[in-house]
1. Could you run through the range B:359-407 and say how many residues are of a type in the set (Phe, Trp, Tyr), within 14 Å of chain A (Cβ to nearest Cβ) and without any contact (Cβ under 8 Å) to a residue 40 or more places away in the chain?
2. Among the residues of the range A:93-118, which ones are in contact with a Pro (Cβ under 9 Å, 6 or more places away or on another chain) and closer than 30 Å to B:Ser102 by Cβ?
3. So, of the residues in the range A:344-357 that are in contact with a strand residue (DSSP E or B) (Cβ under 6 Å, 6 or more places away or on another chain) and of a type outside the set (Gly, Ala, Ser), which turns out to be nearest to the other protein chains (Cβ to nearest Cβ)?
4. State all residues of the range B:304-329 that are open to solvent by 10 Å² or more (accessible area, probe 1.4 Å) and outside any helix (DSSP H, G or I); if no residue qualifies, say none.
5. Which number in (1) within 29 Å of the chain's Cα centre (by Cα); (2) part of a strand (DSSP E or B) marks the one condition that B:Pro156 misses?
6. Please determine, by comparing only the residues of the range B:408-458 that are in a loop (DSSP other than H, G, I, E, B) and among the hydrophobic types (A, V, I, L, M, F, W, C), which one is nearest to the other protein chains (Cβ to nearest Cβ).
7. How many residues does the range A:388-398 contain that are open to solvent by less than 80 Å² (accessible area, probe 1.4 Å) and either in contact (Cβ under 8 Å) with a residue 40 or more places away in the chain or more than 9 Å from chain B (Cβ to nearest Cβ) (or both)?
8. On the basis of being touching a Lys or Arg at 6+ places or on another chain (Cβ under 8 Å), open to solvent by 20 Å² or more (accessible area, probe 1.4 Å) and in a strand (DSSP E or B), does B:Thr71 make the cut?
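The values are calculated or read from the model by the stated rules, or taken from the named source; none is laboratory data. Please read these numbers as outputs of a predicted model, since none were measured by experiment. Backbone-built Cβ (ideal geometry, glycine too); neighbour counts: all protein chains shown. These accessible areas exclude ligands, DNA and RNA; they are computed on the full protein's heavy atoms, side chains included. Shrake-Rupley method; radii C 1.70, N 1.55, O 1.52, S 1.80 Å.
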Amino acid sequence: MPLKEYIGLSRINGPLIFIENVKNVGYNEVVEVSYRGQTKLGQVVQISDEFAVIQVFQGTEGLAVDTTRVKFLGKPLEVKVSDEILGRTFNGIGQPIDGGPEIISGTYRDINGLPMNPSSRMYPRNFIQTGISAIDGLMTLIRGQKLPIFSGNGLPHDRLAVQITKQAKLKGEKAGNFAIVFSAMGIKHDDAQFILSNFEESGAIENVVTFLNLADDPTIERIATPRVALTAAEYLAFERDMHVLVIMTDMTNYCEALRELSTFRGEVPSRKGYPGYLYSDLASIYERAGMIRDREGSVTQIPILSMPNDDITHPIPDLTGYITEGQVVLDRALHRKGVYPPIGILASLSRLMKDGIGEGYTRKDHPHLSSQLFAAYSRVQEVRALASIIGEEELTDIDRRYLRFGEAFEREFISQGFDEDRSIEETLDLGWKLLSYLPSSELTRVSEAELKEHYKEIKR
Amino acid sequence: MGDNKKIGELYLINGPVVKVRKATGFMMHEVVKVGDSKLTGEVIGLEGDNATIQVYEETSGLKPGEPVEGTDRLLSVTLGPGLIGKVFDGIQRPLDALRVKSGDFLQRGIVAPPLDLDKKWDVEVEIKEGEEVKEGQVIATVKETPLVEHRIMVPPGISGRAERVKASGKYTIDTTLMYVANEDRKHKIRLYQTWPVRVPRPYKEHLMPDEPLITGQRVIDTFFPISKGGTAGIPGGFGTGKTITQHQLAKWADAHIIVYIGCGERGNEMTEVLEEFPELVDPRSGRPLMERTILIANTSNMPVSAREASIYTGITIAEYFRDMGYNVALMADSTSRWAEALREISGRLEEMPAEEGFPPYLSSRIAEFYERAGKVKCLGPEDKIGSISVIGAVSPPGGDFSEPVTTHTKRFVRCFWALDKSLANARHYPSISWLDSYSEYNTELEGWYAENVNAEFSKLRARAMSLLSEDDNLQQIIKLVGEDVLPDDQKLIVRVAGIIKIGYLQQSAFSDVDSFCEVKKQFEMLRLILMFYNRSSALISKGVAISELLNGDILNTLMRMKENIPNDRLEQFKEIEKELKNFFDSLDKKYENIKEAS
């Protein structure tokens, strides 16, 4: 079928262009917009028999109403995937930008993917050891999970993400068919450089696929970037049997691009001006993590988002938390105390942890131990609040022991070096050591047998 | 053929909403096939010759000018043997059959019959030739699973004489079992019937609920019970344990049938149910839980209009089993996603929004949904009694209970289980707040508890509740000045409230012993804890120091009895009671002379 080309637009509004009297054009179809020898990609976002509305990924700068040519390509936005993409760097819509050759072999895939049939999913149970005590012990990452990092400006989420990718391994399995897909949306050059150079140092770079849309790249392109990245990840996982870890940063920039587009389209806004379909839209990204029955590979997602003003009830972290399987929340107060990684234990959670820990996965005492650590640390917060009012001297003996536990817990358990890789056994033993600051009568979450085996009370 | 086919022409596509012209003869809520790829859609607006349609599948690639074909039927579900143990999407497409047809990812435009057409069921026909039958009457039974006898009923609206009745035997579901003849015509009666999802199925009369739906969760059964036929809302921000609570109820509620709707939630959670339920055993029958469960899975990445429909699909299936005389429990996780689907479609229709962009008809839709719950006398001469209990999760943005979906839900449910973020942060599960939750069924169910558990039950509950609320007041003081300044009688309240919180309200979903707790065990536990309080309180009023009472293993025993005493070994409570008595008797003796002295 010959491709249809139109000359002249009826209107340009921000990233949107409007064309009248187009025929035989489909919803979501991809278009090539050309002007003065330059070509940009766009996508049909609304279509009627009178006009088509097109969002231009690389922005509408330089387009003119009368001479711009628009070619409808008769297919959705696609990306070419094959083994060749490993080690390569692409822009936000999947075009190579590392000076290397075009991807030659391979097949084109619709970047929107298709929803996984819930009956085909396999429930994720394999524990990934990240070597970070707070995560392994208290919010365990599971292969096939989507576990975002909720961060704020100036907090070390990039370091944490790098440390996770460098250290992540399955217990008792050698590295090998492991790949990282890195999707950057609107992040600063320095941040991208930091992450990429660390991948390079760790020698993992041959297995990294990078999609870069930096802060000064076109905003609307960002809407396609996570989808392009996940299409590549799904290919590697479900057709090449690889275990793929997808790092997406920063989801806040993605959502802002979506809001911008929605405003230009004149849609009815919902909370804080974000479109009413933000939940569905984010779900179409996050739900592309998982494992499939009878297939080898897996897609694990670690999206990073910065909470505007550290507000966890802001629509972006809020809706993300409703979709993802838990969250790792970075805490500014801990960061100020000099704790790295500054993981706010109480607000963090891994929903898949319960079926991936314990006997046969990590260690038998893990479930009760983590529950006890949470409970004790939660009590620490209460005691601290009380101490700030009545002074430490007025506290009961038990409360003072909680204070000591809290300090040691932050200093020894949560805190660790950027290059420190702790095994799960080390993490759990450390947890027991810290519980020993408390009398056994306070430890109601662990069983008597576990107390007998692991607990040695430290008397003052 | 072909003459009376209604075909319109697409002229606008905007996400899941499309518009059609030349739609003459289309009905409101009629199912249509959209475009060359025949995507399933439903008519949601008509204006002159133009129709507005919501499409249940991804609309990429649709073009103006493509045909839209009417089907002359409303969006309906197919009801018959084969429902149980199945997983359907929001418009009742069986997901396992789709997997066979299209692989691990859901392709567009594929269809599969909701129920297995080839399977032969053992049908026991209970009607004789020539017998008069009425609407709703059971005419045959099929042992669908070891747990459920599927009762084939005469569909609503049909009564008359049974003719050409087939003998009992093995039949597929589209076999005509008999004809029912009346003045109008002869009606074919098959093993299945269809019913439009947006129309509630009829019944004879509404009954007052008077029996609790036992869930085995102490905080619910003891403090905030829901009755069979009742409605409950569970609001909670993310991470507060809505889904785990819903799963616990689906596992342990003493209903005959469970309908679980995963509405716009996570795919992995549905998989968890799918993998876990066949392995879990119903504590009452000893059979796998999947043998009484029906799942509707429309995960968050599946099309938004099918999410809107999934709630109706689920409740219509629930009504069908209710009509057989069963107690059905329906869990919807989460109704907020359904409300958001309404908002999204309403936005695409450019309707005038009300609060927070939700359409103005949100509250009436919520009301209609919850009003389909209830305990009823079913159609049919047998006077069967059936019920639907509806438990809807609500996901308020930012955990803010003043948002529209939570506030409207509160108006139409009679039981409110508020999940508390600070409890969840301390890993106190289930994180149902004992201060913010309520149940309007408490008084109606008092009689049942008195008769079936113990006459003292309501009194104990009230006592425990008042301790918890006194404790809440005391906690305010403690936050300011510490516990040490409290007098001993108030310290005792704080300590006993602590025992109730840790030893009673906290209940681990992952514990083999404690995941499900019999009501009788609940009563025994509460009785012993309060006995500890009463006797301690008596001693303290005599001036005995509280440190005397809190010494010893007895506290530990009370905190751990939930784990240490299984549901089938309730006689062990006698030993704890003896231990308690000895402990206090010896203290009483020790301080006997104080009384004399004073």
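1. Taking the range B:359-407 as the starting set, the residues that turn out to be of a type in the set (Phe, Trp, Tyr) are B:361, B:369-370, B:401.
Next, from what is left, pick out any that are within 14 Å of chain A (Cβ to nearest Cβ): B:401.
With the extra rule that they be without any contact (Cβ under 8 Å) to a residue 40 or more places away in the chain, the set shrinks to none.
Here the count works out to 0.
2. Once the filter is applied, which keeps residues that are in contact with a Pro (Cβ under 9 Å, 6 or more places away or on another chain) and closer than 30 Å to B:Ser102 by Cβ, the range A:93-118 yields A:Ile103, A:Asp110, A:Ile111, A:Asn112, A:Pro115.
3. Of the range A:344-357, the ones in contact with a strand residue (DSSP E or B) (Cβ under 6 Å, 6 or more places away or on another chain) are A:344, A:347-352, A:356.
The next check asks that each one be of a type outside the set (Gly, Ala, Ser); those that pass are A:349, A:351-352.
Numbers: A:Leu349: 5, A:Arg351: 8, A:Leu352: 7 Å.
Per the criteria, the residue is A:Leu349.
4. Scanning the range B:304-329 gives B:Gly325, B:Tyr326, B:Asn327.
5. (2)
6. Taking the range B:408-458 as the starting set, the residues that turn out to be in a loop (DSSP other than H, G, I, E, B) are B:413-414, B:417-418, B:420, B:426-431, B:433-437, B:440-441, B:453-456.
Retained after the next criterion (residues that are among the hydrophobic types (A, V, I, L, M, F, W, C)): B:413, B:417-418, B:426, B:434-435, B:453, B:455.
Details: B:Val413: 21, B:Trp417: 18, B:Ala418: 17, B:Ala426: 4, B:Trp434: 17, B:Leu435: 17, B:Val453: 27, B:Ala455: 32 Å.
Checking each candidate, the answer is B:Ala426.
7. If we filter the range A:388-398 for residues that are open to solvent by less than 80 Å² (accessible area, probe 1.4 Å), which is where we start, we get A:390-391, A:395-398.
So of that shortlist, the ones also either in contact (Cβ under 8 Å) with a residue 40 or more places away in the chain or more than 9 Å from chain B (Cβ to nearest Cβ) (or both) come out as A:391, A:397-398.
Going through the range A:388-398 one residue at a time, the tally reaches 3.
8. yes
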